[in-house]
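Pasting a structure here, questions to come.
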Amino acid sequence: MLYKKIILSSVIVFVLSLTCQAQRAELGVNVGGAGYMGDLNQFNPVKISGVAVGIYAKINFDPHWGLGLHYNYGKIKAFDALSDNPQFVDRNLHFKTVLNEVSFIGSFNFFDIYSPGSKGRLTPYLFAGIGGVIFNPKATYLGSSANGGFELKEFELRDFNTEGQVKPYRNYAVVIPYGAGVKFKMNENWTLFSQAGYRTAFTDYLDDVSGVYPDPSKLLNGISRALSDRSGELTPTGVNLYKPGDQRGDFRKRDTYLFVNIGISYTFVSQKCFTF
C-alpha cells in the first residue's frame, strides 16, 4: 500500500510541474514488443515474447536533457518445452505475466535538433532512470474438473509457494530502466523515435523460479507440488526427475526484461520555448 501511495504522489507532483512548464512539455506514445531474461531464458537478451505499449509525459530542460514520467504495459512468457537446451526441456516449467511499470526516466540527446535555427533532424539518445513494476506470474496445469474429467486451468504461481517459501514473494519490485534510441524531428512539434531499453528488476521471481527444488512434503497442497516440479509430466512413468535441493533456477539474483518500440511524440512549442 505504501508503495502505491508513493507512486501516486510522485505522479501528482510531476503532472503539476508539467502543467506549470507547458511550453517545454512533451507527450508521447509507443508500441512494440517485450522480452525477458531470467531462469527460463538465460542466454538470449533480445528474445521477444509479447507485446508492449506505453505513454509518457516529459519536461525538456534544454535541447539535450529531459525528464519524463513513463507508464509501460507489457507481456512476457517463456516455455522450457520450446527450449533448445535438453536440461530446460526436462525441467518443463513455464510462465507468463503482465508487467505494469511506472518510472521516471532521464534522457540525453547527442545532437541539438530543437533549438531555433537548428538544421539537424536526427539524433541518437541515451536514457536511464528508476521505477517500479507490478507482476503476477501464471502457469497452466491439467487439473480435475467438476464432472470428474480433466481441464486445463490457469494458476497464479505466487499463491502456491512453489519453492517452499514461508510466505508469497512480493508481486512488485524496483526496476532500473536504461537504453538507447534514435529520434527524427518531422517538424516543429512532431518527432518519431525508436528505442530499446532493458529493465533490471530487483526480484528473481518474474518467472516464479529462483533457487532449488523444495521438499514436496512441505508444500501447501497437491497443486503446489505439481506446479513446483513438472518434470514428471514428460517421463513415461510420471516420476519427477529432481529431488529436494536440486537446482531449479540459475541462482542469479535479478531477472531482466526488455521493451523494444517505436513511437511518436508532440512537443508544445512557443516563441519562448527552447531558448532556455
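Kindly rank 227-237, 26-36, 156-166 from highest to lowest mean number of other beta carbons found within 10 Å of each residue. Provide the component values of the computation, followed by the final result.
Details: 227-237: 15.6, 26-36: 19.6, 156-166: 17.9.
Ranking, from highest mean packing down: 26-36, 156-166, 227-237.
Now, a different point. Amide H of residue 52: which non-local residues (sequence gap of 5 or more, or other chain) have their own amide H closer than 5 Å, using H built in the peptide plane?
32, 33, 34
Still on this model: Send over the Kirkwood Rh of region 152-223, from the inverse of the averaged 1/r over different Cα pairs, rounded to one decimal Å.
About 16.0 Å, per the Kirkwood formula over Cα pairs.
Rolling a 1.4 Å sphere over the protein heavy atoms, what is the accessible area per residue of region 30-115, to the nearest Å²?
Working: 3750 Å² over 86 residues.
Per-residue accessible area for region 30-115 comes out at 44 Å².
Okay, moving on. Expressed in whole Å with the largest first, what are the equivalent ellipsoid semi-axes of region 224-263 derived from the C-alpha gyration tensor as the square root of 5 times each eigenvalue? All intermediate terms of the calculation are to be shown ahead of the outcome.
Details: eigenvalues 204, 47, 14 Å².
They are 32, 15, 8 Å, listed from largest to smallest.
How much of the accessible area of the chain, probe 1.4 Å, is carbon plus sulfur, in whole percent?
Percent of accessible area from carbon and sulfur atoms in the chain: 63.
Ok, one more. What are the residues whose amide H is under 5 Å from the amide H of residue 99, where those residues sit 5 or more places off or on another chain and H is modelled from the backbone?
The list, which skips near neighbours in sequence, is 74, 75, 76.
Whole-Hz ³J(HN,Hα) for each residue in region 129-142, computed from phi via Karplus 6.51 cos²θ - 1.76 cosθ + 1.60 with θ = phi - 60°, x for glycine and proline: what do you get?
My calculation for region 129-142 gives x, 8, x, x, 10, 10, 9, 7, x, 10, 8, 9, 8, 7 Hz in order.
Give the accessible surface of region 130-253 per residue, rounded to a whole number of Å², with probe radius 1.4 Å and ligands, DNA and RNA excluded.
Values: 6540 Å² over 124 residues.
Computed with neighbouring chains in place, this is 53 Å² per residue.
Under a 1.4 angstrom probe, counting protein chains only, how are 65, 190 ranked by accessible area, largest first? Present the calculation step by step, with values, prior to reporting the outcome.
Details: 65 140, 190 105 Å².
These residues rank, largest area first, as 65, 190.
Continuing with the same structure: For every other residue with a beta carbon closer than 10 angstrom to the beta carbon of residue 58, add +1 if it is Lys or Arg and -1 if Asp or Glu, then tell me the sum. Mind showing how you got there, number by number?
Values: positive: 24; negative: 26.
Around residue 58, the surrounding residues sum to 0.
Something else about it: Tell me the trypsin sites (Lys or Arg not before Pro) within region 164-217 that lie in a loop according to DSSP and have at most 13 other beta-carbon atoms within 10 Å.
Details: sites: 170, 183, 185, 199; in loops: 170.
Here the trypsin sites (Lys or Arg not before Pro) that fit, given the DSSP loop and packing criteria, are 170.
I'd like the distance separating the alpha-carbon centroids of region 86-137 and region 208-244, in whole Å.
With region 86-137 and region 208-244 each reduced to a Cα centre, they are spaced 35 Å.
Take 218, 77 and sort them by solvent-accessible surface of the protein heavy atoms, 1.4 Å probe, largest at the top. Provide the component values of the computation, followed by the final result.
Details: 218 165, 77 95 Å².
Reading off the accessible areas and sorting them downward yields 218, 77.
Separate question: Distances over 22 Å make up what percent of all Cα-Cα pairs in the chain? Write out the running numbers ahead of the final one.
On the way: 23304 of 37950 pairs.
Above the 22 Å cut-off, the chain has 61 percent of its Cα pairs.
Also, I was wondering about something else. Helix 2-20 sits at what angle to the longest principal axis of the chain, using alpha carbons and giving 0 to 90 degrees rounded to 10?
20
The values are calculated or read from the model by the stated rules, or taken from the named source; none is laboratory data. Computed from a prediction, not measured in an experiment: that's the story for all the values here. Please note: Cβ atoms are built from the backbone with ideal geometry, for glycine as well, and neighbour counts cover all protein chains shown. Please note that ligands, DNA and RNA were not included when accessible areas were found on the heavy atoms of the full protein model with its side chains. Shrake-Rupley method; radii C 1.70, N 1.55, O 1.52, S 1.80 Å.
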